[in-house]
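Participant: Below you will find the structure I want to go over with you.
The values are calculated or read from the model by the stated rules, or taken from the named source; none is laboratory data. Bear in mind the structure is a predicted one, so any value in this text is a computation, not a measurement. Here the Cβ positions follow ideal geometry from the backbone for every residue, glycine too, while neighbour counts run over all protein chains shown. The protein model used for the area step is the full one, side chains on, heavy atoms only, and it has no ligands, DNA or RNA in it. Shrake-Rupley method; radii C 1.70, N 1.55, O 1.52, S 1.80 Å.
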Amino acid sequence: RRMPAATKAKSRREAPTRAPRPVAARWGIAVSPRLSAEVGGLMLLGLALIVNAILLAPEIRIERVPVNDLSFHIAASQRLADSFITGDSILDPWVSQWALGYPLWHFYQPIPHMVAGLWLAMASHFASAPASFAVLYYLLLVAVPACTYIGARLFGLEPIAAGFASILIIAVSEVGDFSRYGLSYGAYVRRGSGLYTQLMSFDLLMPALGLAAHSLNTGRRRILAACLVAATALSHVVFGYAAILSIAIMALVGPRGDRSRRVVRAACWFSPRCGC
């Protein structure tokens, strides 16, 4: 049966008009809404990473002859690299570079030197230990804005705000002697203090705190958050104390109606069977 002309005209008027397809869809590029929402923040993060990489590029060359704490960290990492190659103990090796020797990792955080030792062991066939360590140290320095961005997003900041945080973290001023032991370039670069373990711990700290906040709010990813906090503490004890204290404060100052649940979630992170 044929539809009357008046009915056809009415159905055309009532039919919803199609919205124009985005350029990415017209070209066959699949872009998720979540990724499109992150574009602004990722552009700011990319700017921070590019600036950081360019400013710190000389560190790859000049850090091969360390003049600060990096001389200690390179020697300790070489000892663990030898342990990886020879099959010696990597948890309690005897470090004989100083005096009659010393059981270093009885008293010192082990993760940074384990990571560097594994890196040096893998690169031992085509690069010297100081050169390989300089590349690893450079990558950790360049990654500071990215770790800050990840932590800020896990905290719940909008992409643009997290992007600005990734820029501001590399703008910490170097004023006075404190800058050589804080979070600025003066604490890490060659003409500063060369604090390798603090640098690795800081790269872990921001994602750990962000994931901890996410876990306190939702009750999910508790084990991963606890592992990141533990890795932060095993990279540097002071940063570990700061992370644990920050988590306690976040659990107490959250929404009043949900405070008791947040405290219980923070207390039972290390219990996989806890259902809170």
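Participant: How many of the residues in segment 161-189 are surrounded by 14 or more Cβ atoms within 10 Å (Cβ to Cβ) and at pLDDT below 75?
Facilitator: First pass over segment 161-189, keeping only residues surrounded by 14 or more Cβ atoms within 10 Å (Cβ to Cβ): 161-167, 169-170, 172, 174, 179-180, 182-189.
Right, trim to at pLDDT below 75 and you get 172, 174, 179-180, 182-183.
Final tally of qualifying residues: 6.
Participant: Any residue that is more than 25 Å from Ile150 (Cα to Cα) and part of a loop (DSSP other than H, G, I, E, B) - is there at least one of those in segment 76-87? Before the answer, list the steps.
Facilitator: Kept after step one, since they are more than 25 Å from Ile150 (Cα to Cα), are these residues of segment 76-87: 76-87.
The next check asks that each one be part of a loop (DSSP other than H, G, I, E, B); those that pass are 87.
Yes: segment 76-87 contains one or more residues that are more than 25 Å from Ile150 (Cα to Cα) and part of a loop (DSSP other than H, G, I, E, B).
Participant: Return the residues of segment 96-143 that are open to solvent by 30 Å² or more (accessible area, probe 1.4 Å) and over 25 Å from Val238 (Cβ atoms); say none if nothing qualifies.
Facilitator: Answer for segment 96-143, where residues must be open to solvent by 30 Å² or more (accessible area, probe 1.4 Å) and over 25 Å from Val238 (Cβ atoms): Ser96, Ala99, Leu100, Met122, Ser124, His125, Phe126, Ala127, Ser128, Pro130, Val135.
Participant: Please give the number of the condition Ser132 fails out of (1) touching a helix residue (DSSP H, G or I) at 6+ places or on another chain (Cβ under 8 Å); (2) in contact (Cβ under 8 Å) with a residue 60 or more places away in the chain; (3) under 22 Å from Arg190 (Cβ atoms).
Facilitator: If we test Ser132 against (1) touching a helix residue (DSSP H, G or I) at 6+ places or on another chain (Cβ under 8 Å); (2) in contact (Cβ under 8 Å) with a residue 60 or more places away in the chain; (3) under 22 Å from Arg190 (Cβ atoms), just (2) comes out false.
Participant: Same structure, new question: Check segment 254-267 and report whether any residue there is within 20 Å of Ala162 (Cβ to Cβ), open to solvent by 40 Å² or more (accessible area, probe 1.4 Å) and either at pLDDT 90 or above or in a helix (DSSP H, G or I) (or both). Break it down into steps so the answer makes sense when it comes.
Facilitator: First, the residues of segment 254-267 that are within 20 Å of Ala162 (Cβ to Cβ): none.
No, segment 254-267 contains no residue that is within 20 Å of Ala162 (Cβ to Cβ), open to solvent by 40 Å² or more (accessible area, probe 1.4 Å) and either at pLDDT 90 or above or in a helix (DSSP H, G or I) (or both).
Participant: State yes or no: is Ser201 within 14 Å of the chain's Cα centre (by Cα), of a type in the set (S, T, N, Q) and either surrounded by 17 or more Cβ atoms within 10 Å (Cβ to Cβ) or modelled with pLDDT of 85 or more (or both)? Outline the logic, then answer.
Facilitator: Working: within 14 Å of the chain's Cα centre (by Cα): yes; of a type in the set (S, T, N, Q): yes; either surrounded by 17 or more Cβ atoms within 10 Å (Cβ to Cβ) or modelled with pLDDT of 85 or more (or both): yes.
It is true that Ser201 is within 14 Å of the chain's Cα centre (by Cα), of a type in the set (S, T, N, Q) and either surrounded by 17 or more Cβ atoms within 10 Å (Cβ to Cβ) or modelled with pLDDT of 85 or more (or both).
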